[in-house]
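Beneath this line is the structure, given in structure tokens, with notes to follow.
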Amino acid sequence: MKWLDKLERRFGRLGIPNLMLYIVVTVAAVFIGDVIFSVQGTSLSGYLALFTQAAMHGQFWRFITFIFVPPTTSIISLFFFLYFYYFLGSTLEQVWGTFRFNLYYLVGIIGAIIAAFFTGFGTSTYLNLSLFLAFAFLFPDHEILLFFFLPIKMKYLAYVDWILFAIQLIFGDWPTRAEIIDSLINFFFFFGGDLIRFIQNERRYGAQRRNFR
């Protein structure tokens with residue numbers, strides 16, 4: 001994509017190498033902080049989460065720090081979550097380069113912030129899922145062990161996610177729809193053209209196959 005090449009030539013030096021490493025380490029640190037703060041009956045995550053009202057009234061750090069809020073209170077689940085998303089992020093950075101991966105993640109953050117103005121609360125759930133969808137689009141046949149013993153290709157997990165997104169878009173409320181659409185802006189920003197061409201090719205191939213029959 002020429003526009004990406006131009007951006008990289010101009011701003012490439014601003015990229016942060018190993019961004020995903022910094023993110024997962026910070027999430028782990030916040031988790032530890034939550035455990036320590038829980039003794040006092042409070043939560044570190046509560047000071048970092050994106051509540052739009054609080055963020056708009058001076059607590060501006062919440063527009064960034066929400067990405068560091070742990071997605072679970074289970075240390076075992078957190079370990080596998082951090083390992084999985086570090087693997088996804090670091091692989092995408094190796095394939096794209098530092099600047100493009102940073103840009104993908106930044107656009108995802110912006111989308112999540114936009115969604116927060118519709119819902120009142122920001123979450124990194126769909127932002128993290130956008131990393132998974134990008135990886136699955138680039139490496140559809142890569143296999144992982146589902147439930148630690150069942151090998152399954154990434155593309156099949158991605159199909160399930162897209163079906164769930166479609167169901168939520170159809171039957172969910174407007175805040176849910178806004179959260180999904182805005183938080184996946186980065187995926188469509190990077191892969192929209194490729195996705196359209198893929199669908200067109202599949203339709204063309206299907207038509208040729210029916211004509212052959």
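Conditions (1) in contact with a helix residue (DSSP H, G or I) (Cβ under 6 Å, 6 or more places away or on another chain); (2) of a type in the set (S, T, N, Q); (3) buried (at least 18 other Cβ atoms within 10 Å of the Cβ), marked per residue:
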| site | (1), (2), (3) |
| --- | --- |
| Leu48 | yes, no, yes |
| Trp61 | no, no, no |
| Ser74 | no, yes, no |
| Phe101 | yes, no, yes |
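Have a look at Gly58, Gly41, Gly46 and point out the one that is more than 24 Å from Leu106 (Cβ to Cβ), in a loop (DSSP other than H, G, I, E, B) and not polar (S, T, N, Q). I'd like the intermediate steps shown before the answer.
Working: Gly58 fails: more than 24 Å from Leu106 (Cβ to Cβ); Gly46 fails: in a loop (DSSP other than H, G, I, E, B).
One residue alone meets the criteria, Gly41.
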Among the residues listed as Ile32, Ile67, the single one being open to solvent by less than 50 Å² (accessible area, probe 1.4 Å) and out of contact with any Asp or Glu (no Cβ under 7 Å at 6 or more places or on another chain) = Ile67
task = Could you tell me which of the residues Phe117, Phe60, Phe66 is among the aromatic types (Phe, Trp, Tyr), farther than 20 Å from Ala28 by Cβ and in contact (Cβ under 8 Å) with a residue 24 or more places away in the chain?
result = Phe117
remark   = Residue hits (region 74-94; in contact with a Phe, Trp or Tyr (Cβ under 8 Å, 6 or more places away or on another chain) and β-branched (Val, Ile, Thr)) are Ile75, Thr91
request  = Could you please give the count of residues in region 137-160 that are part of a helix (DSSP H, G or I) and either farther than 25 Å from Ile114 by Cα or open to solvent by 70 Å² or more (accessible area, probe 1.4 Å) (or both)?
outcome  = 7
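If you check Thr91 against the conditions, is it surrounded by 12 or more Cβ atoms within 10 Å (Cβ to Cβ) and not in a helix (DSSP H, G or I)?
no
The values are calculated or read from the model by the stated rules, or taken from the named source; none is laboratory data. Since this is a predicted model, take the numbers as computed values, not measurements. Reconstructed Cβ throughout: ideal geometry from the backbone, glycine too, with neighbour counts over all protein chains shown. Each accessible area value is taken on the protein alone, full model and side chains, heavy atoms only, with ligands, DNA and RNA left out. Shrake-Rupley method; radii C 1.70, N 1.55, O 1.52, S 1.80 Å.
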